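Asker: Sending over a structure as C-alpha cells; questions will come in a sec.
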C-alpha cells in the first residue's frame, strides 16, 4: 500500500525542517554537513513520492543524481573540514574566515 502524497509531503517537510534547523542553529561544521544531507534526503523523498503518485519514473531518476551529488558533497566537505581542523584545531565555523 502506497501512502497518500500528502503524507509523503508532510514527512519530507519535517525532515527538511529538521535538516535546516541542524544546519542553521548548530555551530559545528560536521552538524552543518549532516543537516544538508538530511535536506537532500527530504528532497529525494518528495521526488520518489511524486514519481509514484504520477506513475512516472522521472522523479526516481532525479534521486540517482541527488545521491551522486550528496556523495560528492560529503567527500569534498569532509576533506575541507579535516583541512580546516588541522589548521585551527576547532570545528567552529566562526574560525574559518580566510581560506589561505
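The values are calculated or read from the model by the stated rules, or taken from the named source; none is laboratory data. Worth saying up front: this structure is predicted, and the values here are computed from it rather than measured. Please note: Cβ atoms are built from the backbone with ideal geometry, for glycine as well, and neighbour counts cover all protein chains shown.
Asker: Please determine whether any residue of region 64-74 is exposed (fewer than 11 other Cβ atoms within 10 Å of the Cβ), at pLDDT 90 or above and farther than 30 Å from residue 6 by Cα.
Answerer: Looking through region 64-74, at least one residue is exposed (fewer than 11 other Cβ atoms within 10 Å of the Cβ), at pLDDT 90 or above and farther than 30 Å from residue 6 by Cα.
Asker: A follow-up question, please. I'd like to check something: does region 13-21 contain any residue that is touching a helix residue (DSSP H, G or I) at 6+ places or on another chain (Cβ under 7 Å), assigned to a loop (DSSP other than H, G, I, E, B) and either within 21 Å of residue 71 (Cα to Cα) or modelled with pLDDT of 90 or more (or both)?
Answerer: Here is the first cut: in region 13-21, the ones touching a helix residue (DSSP H, G or I) at 6+ places or on another chain (Cβ under 7 Å) are 15-16, 18-20.
Going one step further and asking which of them are assigned to a loop (DSSP other than H, G, I, E, B), we end up with none.
No, that holds for no residue.
Asker: Same structure, new question: Among what's in region 14-35 and is surrounded by fewer than 18 Cβ atoms within 10 Å (Cβ to Cβ) and touching a residue at least 60 places away in the same chain (Cβ under 8 Å), pick the residue that is farthest from residue 75 (Cα to Cα).
Answerer: 27
Asker: Looking at residue 54 and the list (1) more than 10 Å from the chain's Cα centre (by Cα); (2) surrounded by 13 or more Cβ atoms within 10 Å (Cβ to Cβ), which single condition is not satisfied?
Answerer: Going through the list (1) more than 10 Å from the chain's Cα centre (by Cα); (2) surrounded by 13 or more Cβ atoms within 10 Å (Cβ to Cβ), residue 54 breaks only (2).
Asker: Taking residue 38 as the residue in question, decide whether it is within 10 Å of the chain's Cα centre (by Cα), touching a residue at least 40 places away in the same chain (Cβ under 8 Å), assigned to a helix (DSSP H, G or I) and surrounded by 15 or more Cβ atoms within 10 Å (Cβ to Cβ).
Answerer: When the stated conditions are applied, residue 38 does not pass them.
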